[in-house]
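These notes are about the structure you will find just below.
The values are calculated or read from the model by the stated rules, or taken from the named source; none is laboratory data. Since the model is a prediction, treat every value here as computed from it, not as a measurement. Cβ coordinates were reconstructed from backbone atoms using ideal geometry, including for glycine residues, and neighbour counts include every protein chain displayed. Surface areas here come from the heavy atoms of the whole protein model, side chains and all, with no ligands, DNA or RNA. Shrake-Rupley method; radii C 1.70, N 1.55, O 1.52, S 1.80 Å.
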Amino acid sequence: MLIRPRRLRKSERIRELVRETNLTKKDLIMPLFIEERIERGKREIASMPNQYRFSVEAAIEECKEIADLGIPGVILFGIPKKKDEYGSSAYSKDGVIQRAIRGIKEELGDEILLIADTCLCEYTTHGHCGILRDNKVLNDETLKILAKIALSYAESGVDVVAPSDMMDGRIRVIRETLEEHNYQDVCIMSYAAKYASAFYGPFRDAAESAPRYGLKDRKTYQMDPGNWREALREIELDIEEGADMILIKPGLPYLDILRLARDNFNVPIGSYCVSGEYAMIEAAAERGWINRTDAIMETLLCIKRAGADFIITYWAKEVCEYL
Ligand code: PBG
């Protein structure tokens, strides 16, 4: 007798019944770029069609729409007016992200989970995620600044800080600083396994955060794409130091890392489907080489199947239509 797994694929109804992984709106987090120079409205990002940089006002409106769609959260990235060597506008009380956090919280309260990417690269003249001296990104000097940024976001009312810098020891310093100032309830979502990837290109255009001088890449602090054992080590350290949730980044090229993380740790794990992944599918679809919607849905479903509890994706808003 022939064994026939195909019987379970006979119709969409039976496929639905036996599908092991289902994507829902509640799995999604939408990234938002907020630019200090924009006074009102939004501007499309050249390297990321259908993605925008928002003014603070427009970002608040956007968050309302996102919350109405049923998406649980947004992650904020700021593009400041002024950059300097130390990224000091990242921790300014009236910085673009601080203003956005206050504004969004005032309008929406707990209707949306507010996550703030916590890093220096958008705020430094050199474009690195830490203090640059003699062509080196200094670890310990950077920690103090990261803690200041995280504290400043907490003071503005953020729910979650998401350090994406990859300095050693940052989670501990941020956790201690938050505790000292009585922000016990602020979560840390650490980019625990963040690789030195070519897939961040369009984001760096969008956020004006490409390395400009000094080192020309981030390989001395972000992870080497060939390594998986090291990811275990990074994740373990971040959890020990006080991370509540972790991220694996990028998404599709690193599904093995996601699965590995899922099998080895019990904290919530997110995957960041990054700008280059977005750009690839958008560009191929524009040429008619793939079916855009199908490719997007498959991408997100597969990230979930590999072990993600949630996914940061530029398609979050759009896919709500299909879910
Ligand atoms: C900041 C940061 C980056 C991304 C998220 N946070 C860029 C980088 O590390 O250069 C990339 C996100 C994307 O490509 O969509 N450090």
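What value, in deg cm²/dmol to 500, does the helix sum -39500 (n - 2.57) over DSSP H runs of n ≥ 4 give at 222 nm once divided by the residues of the chain?
Result for the chain, helices only: -11500 deg cm²/dmol.
To the nearest Å, what is the center-to-center distance of the stretch 1-53 and the stretch 94-131, using C-alpha atoms only?
Comparing the Cα centres of the stretch 1-53 and the stretch 94-131, I get a distance of 24 Å.
Could you check how many percent of all C-alpha pairs in the stretch 163-296 are farther apart than 23 Å?
It works out to 41 percent of all Cα pairs.
Nearest 20 debye, what's the magnitude of the dipole of the chain about its Cα centre given +1 on Lys and Arg Cβ and -1 on Asp and Glu Cβ?
Here the chain has a charge dipole of around 1220 debye.
Please identify, among Ser11, Ser209, Ser88, the residue showing maximal mean-square fluctuation in a Gaussian network model of the chain using a 10 angstrom Cα cutoff.
For the chain, modelled as a Gaussian network with Cα springs under 10 Å, the answer is Ser11.
For the chain, rounded, prolate or oblate, judged on the Cα gyration tensor with a ≥ b ≥ c (square roots of eigenvalues), a/c < 1.5 rounded, else prolate if a/b > b/c?
Cα axes put the chain in the prolate bin.
For Thr299, tell me the accessible area in Å² from a 1.4 Å probe, rounded to the nearest 10.
The accessible area comes out at roughly 10 Å².
Give, in nm to one decimal, the length gained when the segment between Asp84 and Ile14 is fully stretched (0.36 nm per residue of separation minus the Cα-Cα distance).
Extending this stretch completely gives an extra 19.4 nm.
With all protein chains present, how much of the accessible area of the stretch 152-242 (probe radius 1.4 Å) comes from carbon and sulfur, to the nearest whole percent?
47
Lys144: which lysines have alpha carbons under 29 Å from its alpha carbon, excluding same-chain residues fewer than 8 sequence positions away?
Lys81, Lys82, Lys83, Lys93, Lys105, Lys136, Lys194, Lys216, Lys219, Lys249
How high is the relative contact order of the chain, in percent, with contacts defined as C-alpha pairs under 8 Å that are six or more residues apart?
Over the chain, the number comes to 18 percent.
So which trypsin sites (Lys or Arg not before Pro) in the stretch 219-304 are both in a DSSP loop and have at most 16 other Cβ atoms within 10 Å of their Cβ?
Hits after loop and neighbour filter: Lys219, Arg287.
What is the extension gain from Ile3 to Ala46, computed as 0.36 nm multiplied by their sequence separation minus the C-alpha to C-alpha distance, in nm to one decimal?
10.3 nm
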